[in-house]
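Comments concern the structure below.
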Amino acid sequence: MEKRRKLPHCLPGAIAAAFCFCLTVLGTAQEVAAPPAQNAAAAAPAQSSKATPPEEWKTYTYPEDGFSVLFPVAPQQAKRDVPTSAGNFELRSYIAEIEPIALFVGFFDYGATAQNRDPDTMLQGAKKGALDNSKSHLVREKPITLGIYKGLEFEAESDSAHFYARVYLVGTTLYQTLVVYPPDKPYGGTLPFLNSFQLIARVGNSGE
């Protein structure tokens, strides 16, 4: 029997590191260009077109951060300061684990430092930061939208984990959604989770 490869034991930390996009978003924003169109659809995702979530999944709503999403279990919330070339910013994350799977949502508001920056360039910088920090290689990518807002979907893989991500730039806020699972072991809940992410009215600060 083939031995199943396991994800790193400290999975939340690995995800947080992989998705600290802000480490390179602002610093590389003027250097990262969009890939040629033919590369964006190089490989179809290894997921079923059916994206119906299991009945036991619940909707979790976060008005302070302006989103709702389905999780199979209650997520753990965390905050951390992330240093960038423009100063320190707070990354707020929501992580649910069903070993060896992890589902992640990140909220990162750049404020005035992101105004007048090209969304496509910032999203490419976010992708580059994720690849660099997770020491993974790009499998495929394609541009997406969430309502009127631009986003980027991509898959990447390292020796121990497969990353399936969607990121959106909403005003000055970068929303990061991610599913991590073992290589060659696709998770059936990936698309139900990613498709469930929705923007809602944001209470408190206005990031748009």
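Does residue 180 satisfy the criteria of being of a type in the set (Val, Ile, Thr) and either touching a helix residue (DSSP H, G or I) at 6+ places or on another chain (Cβ under 8 Å) or part of a strand (DSSP E or B) (or both)? Judged against the criteria, residue 180 is a match. Which residue, of 192, 186, is part of a loop (DSSP other than H, G, I, E, B) and either without any contact (Cβ under 8 Å) to a residue 12 or more places away in the chain or touching a strand residue (DSSP E or B) at 6+ places or on another chain (Cβ under 9 Å) (or both)? Going through 192, 186 in turn, the sole match is 186. Give 149, 181 a once-over and let me know the one that is over 13 Å from the mean Cα position of the chain (by Cα), surrounded by 16 or more Cβ atoms within 10 Å (Cβ to Cβ) and more than 24 Å from residue 72 (Cβ to Cβ). Within the list 149, 181, the selection yields 149.
Report whether or not residue 117 is of a type in the set (D, E, K, R) and within 22 Å of residue 77 (Cα to Cα). Even if it seems obvious, please write down each step before you answer.
Working: of a type in the set (D, E, K, R): yes; within 22 Å of residue 77 (Cα to Cα): no.
No: the conditions fail for residue 117.
Taking (1) surrounded by fewer than 21 Cβ atoms within 10 Å (Cβ to Cβ); (2) under 16 Å from residue 67 (Cβ atoms) in turn, residue 169 satisfies each apart from (1). Residue count for the stretch 52-83 under the criterion of being closer than 17 Å to residue 110 by Cβ and assigned to a strand (DSSP E or B): the result is 6. It is to be established whether one or more residues within the stretch 32-50 are at pLDDT 55 or above, farther than 16 Å from residue 153 by Cα and surrounded by fewer than 12 Cβ atoms within 10 Å (Cβ to Cβ). Yes, that holds for at least one residue.
Considering only residues in the stretch 137-146 that are out of contact with any Gly (no Cβ under 9 Å at 6 or more places or on another chain) and at pLDDT 95 or above, the one that is surrounded by the most Cβ atoms within 10 Å (Cβ to Cβ) turns out to be 141. Annotation: of all residues in the stretch 195-208 being outside any helix (DSSP H, G or I) and at pLDDT 90 or above, the one that is surrounded by the most Cβ atoms within 10 Å (Cβ to Cβ) is 202.
The values are calculated or read from the model by the stated rules, or taken from the named source; none is laboratory data. Because the structure is predicted, anything quoted here is derived from the model rather than measured. Cβ atoms come from the backbone with ideal geometry, glycine included; neighbour counts cover every protein chain shown.
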